[in-house]
Amino acid sequence: MLRLNGNAKKQNNRKVGKGGLVPVALLALQCCVAGILMLAAPALQAQDLSSSQVQAGQEDPHPEDGFLILQTNVHPPYQELQNGTLSGFSVSILDCVFDRLDVGYGLAIAPRQRNREMVRTGKADGFFLARISEEMDAYAVATNPLALEKWVWVSSSGKSNDPRIMRPPKPGDFSTVGAILGSNEAEWLEETAYEDVARVPSIASLVSQVATGRVDYALVDKHSFEIARKELGLTADKFLVQFERYAPLVVYLSKQYVAEFPEMLEQLNAVLQFCETRPMRLEPWERSAIERVQLPVVHQFARSPELLARVQRLLDEAESPSEEKKRLKDVVWAEMARKGEKSKTANKILENELSEHLRMFQANKGEQIAEAFIFDVHGQIIGMSRLTSDFDQSDEPQFQMIESINRDQVLITDILFDASTRAFLSQITVPIIDPDSGQTLAALTVGLNVSAALRPES
């Protein structure tokens, strides 16, 4: 199956596909794209369509506007087939991205291993969703992440008396480990020296084999596992689920395509931040881990005499801003930040002693912290470890900390990709309170890199 999005109307005179492929529907979508052209072969299943057929029929695979073919596979809830139409979370993001760029793109479905090989050999322009890997980096370039998978080890609760099952497996253990054939998880298991991995063709089959005891452990995305478990009619108490790691998922564009359209990757990443609107909710154990391990560190830093002294000095020197002046600073700041540049206001803040103190704090905590910044009671950034995406925080949820007179109050956000740090963050915000007067001086926000901070070894 090939699906054309974005500038499909501009491309409808292009020959696409062989073997009896005919257009069966043209749908106008007011909410996201100008149109979708569905092409299907009655005698073929969607996954049987090879990209070589698609490529062979293209007289001009790369028109001036950068039209491209992306390979993918069915992987609910990210990519799923519903009544012959490819949809899902990642597809909706790509619809948004290419619509904003006014670039047409096509989607072709094939098994994951074939997709990667087609990108490597130049028969496709890109492939999604993929984890970032050195092997793919050799022949393709990764975009910013579209999604964050939560990988878990799934085992049968019926074997809970087996001491091996009560902890995640390690390479060399005498346990049967399974993963979906050609999946990101299977690749990672191979790279990390797990031996004799059982590669199962589908997640439904894999979950069934765990339930019946044929596989001791399966490494899967938790969201996908829950969908498969429910579809199989299996209850949650039949399984033991243990967290392994987070895996950012990207689109890989072939180096050949990037060389032909060198600005496309930067433009795609720039608009991607406006199309990612669904955060990953923190599970109770994740929030508990943050509150138990990271929050005390943030509170201690916010109350430290060294931080308080620097904040107070800056506030004593500052002038009360007008709303218009603050707005203009924010507009210039945000516009330049999107280009990777710094405004005069941003440069001045980055050079002050508070920002230097925040950089030292971040460096001391290693990769677990991606950023730290402080804003005053007007919402203005007064110190930051690195450039933030905007200057005015008064329209952000964390601004409510300014109104707090409770030194123990905290706001912990759900997980969302932050383009400025290129990491998946959960932000911790606490008020900075004058210990003598009890007055709230400012607020401290720390961006926690969940991929590092919530790993089991952390």
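Here, each number is a calculation from the coordinates, and none is a lab measurement. Since we're looking at a predicted model, the values are computed, not measured. Cβ sites come from the backbone with ideal geometry, for glycine too, and all protein chains shown count toward neighbours.
Okay, here's what the table says:
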item	result
For peptides 353-361, 149-157, sequence by mean Cβ density within 10 Å, most packed first	149-157, 353-361
Average Cα contact separation per residue, the range 149-247, under 8 Å, 6 or more apart, as relative contact order %	48
Ranking of 192, 85, 176 by count of other Cβ atoms within 10 Å, fewest first	192, 85, 176
For the range 241-295 and the range 73-145, distance of Cα centres in Å	15
Cβ charges +1 (Lys, Arg) and -1 (Asp, Glu), total dipole of the range 307-361, debye	220
437, 90, 389 arranged by Cβ crowding within 10 Å, fewest neighbours leading	437, 389, 90
Potential lengthening between residue 363 and residue 344 on full extension [0.36 nm per residue; Cα-Cα distance subtracted]	4.4 nm
Cα gyration tensor category, rounded, prolate or oblate, for the range 284-453 with a/c compared to 1.5	oblate
Least to most buried among 432, 412 (fewest other Cβ within 10 Å first)	412, 432
For peptides 374-384, 324-334, sequence by mean Cβ density within 10 Å, most packed first	374-384, 324-334
By average C-beta atoms within 10 angstrom, highest first, the peptides 291-300, 139-148	139-148, 291-300
For the range 149-247, the Rg and Dmax computed from alpha carbons only, in angstrom	12.0, 34
